[in-house]
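Beneath this line is the structure, given in structure tokens, with notes to follow.
Just so it is clear, none of the values below were taken in a lab; they were calculated from the coordinates. Source: prediction; values computed, not measured. Cβ atoms come from the backbone with ideal geometry, glycine included; neighbour counts cover every protein chain shown.
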Amino acid sequence: MTIGIATRGPGAGLAAWRALLAAELLGRGEIGGFCVFAWRDGVGETRYATTQRGGTSGLTLPDGWAKARHAALISSGPDRPEPLTQFLPGNAGGLVTGHRLPTSPLPDGRPVNLAALAAMAQGRLTQAGLEALLSLGPAMDAGLICLPWSGPVLAANSPRVEGRGDTGRHVMQQGDAACAILYNSITTVRLPGDALAAALGAIAAEVMGLGPAPLAFGQLPDRVPVTPAGHEAVEIDTSGLVTAIHSADPAYFGPKPGITAVYARVPIWQSGRHIGWAASEAFADLRGGVLIARPGLAQRCFLYERTPT
């Protein structure tokens, strides 16, 4: 498994989902396949949505998930062993997600994520205890995030995973709000290791009212014309919706059926102010100089890097 995310606070459901979407937009690797998404509903029940393919775009989510105050997910490439919920168990104590193989067996045969969950339910799991648990098997290939309904969020890798050299970690707790991210094998152009995890965590924190984050979301509308210009620019409104695209590239006005609608590092403008640069790209269909967004929110979204204020 490639990435685990856990969030707690106002809008934690949306916060976790947006953090994963950002990872899909920014990164390359075993992402965009299977996903298990868990959240605690308004009556205290743990709810699940799963998909074998598509990551965020493959999930079918019912009303109420975005406003959940507790959420966690795990995602990687496609077609993983069923039941997918084995990789993100929950009980009266909270939720346990992670990366690599969170179901790895301990020497006594118990899956390490279930052992951590049981200890958390009994109120006796600490950060040191989680690290000790993950050290019981010298070759264990697992990292865990333990999100209790209240109290400290915990995250740790086994010694084997810690030595990989391609991992990232972020743990944030402010009051009762919390976010933890562990990942491996995701590559990006500008954000290596912990920097990517921190960027994803900042996106989640902003959703929960702890922002603003250095990266923000933009979104293509159903249709937007491209205006011929001597410069490149994307204009967005205050909600992040693209209102205009300016380009000198003749490909936007030719017979090409599809194109990069938002190009990497193009300046982003809002209300006459330069507010950032495109940090990821968005693709669209093209008809006579008009961009037509592809179906699904994940297909329409892009990230931009905010200019320092």
Q) By how many degrees, 0 to 90 and rounded to 10, does the Cα axis of helix 12-26 deviate from the longest principal axis of the chain? A) 60 degrees
Q: Would you mind checking the tilt of helix 194-207 against the longest principal axis of the Cα atoms of the chain, expressed as 0 to 90 degrees and rounded to 10?
A: 80 degrees
Q. What list of ³J(HN,Hα) values in whole Hz, one per residue of segment 276-287 in order, does the Karplus curve 6.51 cos²θ - 1.76 cosθ + 1.60 (θ = phi - 60°) give from phi, with Gly and Pro shown as x?
A. x, 9, 4, 9, 9, 10, 10, 10, 8, 7, 9, 9
Q) If you rank 70, 99, 274, 246 by fewest surrounding Cβ atoms within 10 Å, what's the result? A) 274, 246, 70, 99
Q. What is the helix-to-structure angle for 112-121, meaning the angle in degrees between its Cα long axis and the longest Cα principal axis of the chain, kept from 0 to 90 and rounded to the nearest 10?
A. 80 degrees
**Q.** the chain - share of DSSP beta bridges that are antiparallel (%, nearest 5)
**A.** 90 percent
Q) If each residue's Cβ is checked for other Cβ atoms within 10 Å, how do 5, 259, 268 rank with the fewest at the top? A) 259, 268, 5
Q.
Which of the three applies to segment 3-213, rounded, prolate or oblate, going by the alpha-carbon gyration tensor with a ≥ b ≥ c and a/c under 1.5 meaning rounded?
A. rounded
(Q) Using a Debye calculation, one point per C-alpha and no hydration shell, please list log10 I(q)/I(0) for segment 1-122 at q = 0.11 Å⁻¹ in order. (A) -0.34
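How high is the relative contact order of segment 216-306, given as a whole-number percent (alpha carbon pairs under 8 Å, six or more residues apart)?
Once divided by the residue count of segment 216-306, the mean separation gives 32 percent.
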Q: Mind running the shape call on segment 169-271? Use the C-alpha gyration tensor, a ≥ b ≥ c as the square roots of the eigenvalues: rounded below 1.5 for a/c, prolate if a/b tops b/c, oblate otherwise.
A: prolate
Q.
What's the magnitude of the charge dipole for the chain around its Cα centre, counting Lys and Arg as +1 and Asp and Glu as -1 at the beta-carbon? Answer in Debye, nearest 20.
A. 60 debye
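Given axes a ≥ b ≥ c from the Cα gyration tensor, I'd like to know whether segment 216-306 is rounded (a/c under 1.5), prolate (a/b larger than b/c) or oblate.
Working: a/c = 1.75, a/b = 1.24, b/c = 1.42.
Note, shape of segment 216-306 comes out oblate.
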Q) Quick one: length gained pulling residue 256 to residue 189 fully straight, 0.36 nm per residue minus the C-alpha distance? A) 21.4 nm
Q) How high is the relative contact order of the chain, in percent, counting Cα pairs under 8 Å that sit 6 or more residues apart? A) 16 percent
Q) How much length, in nm to one decimal, is gained on full extension between residue 232 and residue 162, taken as 0.36 nm per residue of separation minus their Cα-Cα distance? A) 21.0 nm
**Q.** Helix-only [θ]222 nm of the chain, DSSP H runs n ≥ 4, -39500 (n - 2.57) each, per residue, nearest 500
**A.** -5000 deg cm²/dmol
Q. Got a sec? How would 103, 307 order by Cβ neighbour count within 10 Å, fewest to most?
A. 307, 103
